[in-house]
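The values are calculated or read from the model by the stated rules, or taken from the named source; none is laboratory data. What you see is a predicted model, and the numbers here were worked out from it, not measured in a lab. All Cβ positions, even for glycine, are placed from backbone atoms using ideal geometry, and neighbour counts span all protein chains on display.
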Amino acid sequence: MITKWILRLCAIEGLLFISLLSIAFRNDHTGRAIIGMTWGIILFWVVLAGGLMYRYQAALTAAIHRIPASPRVQFVLVATVLALLEEVVTTAMSNLGPLFGVDRGEVMVTASTNYFEVVFGHSVIIFVPMFIVWSWLMSRYDIRPSLALLLFGITGTLAETVSFGPQMLLGMGFWVFVYGLMIYLPAIAFRRETVQQRRLRFFTPVTVILPLLASVPVALVVLILRS
């Protein structure tokens, strides 16, 4: 129950924060563009995609269980696909600059307007080790999907903070859902297919920190290749 209340508070905080930014940047054309793109992410990824995952979770879970692989592999595959879909939304927003009153590429909410550069050089390739860690956590603990969403959302918030600075913490409610939804559906599917013995009821540091640590080697390789 406490997890659901925290998620509700995150939703309120995220919407309030973006709304305040919308007011603050109403007279700044680049600021308005960034906020407009952010609202697009909320609409298409958090509300639409998240709503579809919640509404059709039974059918989607059945489809996941038909993947000819172990539950841990299924988890990583589906989480990766969802991360790729999330970046479709964010990259699309970055390419819609003219719709928000700026030139294409002038303002972006991703590292590039090139989708493949984003996923292979910045984001999804670094997320995969995190998903592998989470597949292990799900095999070791009985973790409710809502708690998995919250915990991975916290990990994502920390990743944004490390990358772009402490100001990212102000948008925690937004980042929790952007990242958390990547593993929400696979967590549902994994939990329904396996019987766990030890229930993880709430926060433990390992669930937040270990995925970040696992991503460090890949992130370093990506940085070296980019340079």
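Summary of values
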read-out: Leading residue by the ranking (modelled with the lowest pLDDT) among those in region 7-59 that are outside any helix (DSSP H, G or I) and of a type in the set (F, W, Y); value: F25
read-out: Number of positions in region 39-82 that are farther than 19 Å from L7 by Cβ and out of contact with any Ser or Thr (no Cβ under 7 Å at 6 or more places or on another chain); value: 23
read-out: Residue that is surrounded by the most Cβ atoms within 10 Å (Cβ to Cβ) [pool: residues in region 164-182 that are modelled with pLDDT of 90 or more and aliphatic (A, V, I, L, M)]; value: M182
read-out: Filter result (assigned to a loop (DSSP other than H, G, I, E, B) and closer than 28 Å to L210 by Cα) within region 113-127; value: H122, S123
read-out: Residue count, region 135-150 (criterion: of a type in the set (V, I, T) and either assigned to a helix (DSSP H, G or I) or over 18 Å from the mean Cα position of the chain (by Cα) (or both)); value: 0
read-out: Complete set of residues in region 78-121 that are crowded, with 18+ Cβ neighbours inside 10 Å and within 30 Å of P68 (Cα to Cα); value: V78, A79, T80, L82, A83, E86, E87, V89, V118, V119
read-out: Checklist (1) polar (S, T, N, Q); (2) surrounded by fewer than 16 Cβ atoms within 10 Å (Cβ to Cβ); (3) closer than 21 Å to G36 by Cβ applied to S139, failing item; value: (3)
read-out: Any hit, region 189-198, residues being modelled with pLDDT of 85 or more and either surrounded by 18 or more Cβ atoms within 10 Å (Cβ to Cβ) or of a type outside the set (V, I, T) (or both); value: yes
read-out: Residues satisfying the stated conditions in region 46-71, i.e. over 25 Å from W175 (Cβ atoms) and surrounded by fewer than 18 Cβ atoms within 10 Å (Cβ to Cβ); value: A58, A59, A62, A63, H65, R66, I67, P68, A69, S70
read-out: Tally, over region 18-41, of residues that are buried (at least 16 other Cβ atoms within 10 Å of the Cβ) and either among the aliphatic types (A, V, I, L, M) or in contact (Cβ under 8 Å) with a residue 60 or more places away in the chain (or both); value: 10
read-out: From A62, A83, residue being at pLDDT 95 or above and assigned to a helix (DSSP H, G or I); value: A83
read-out: Checklist (1) touching a residue at least 12 places away in the same chain (Cβ under 8 Å); (2) out of contact with any helix residue (DSSP H, G or I) (no Cβ under 6 Å at 6 or more places or on another chain) applied to P145, failing item; value: (2)
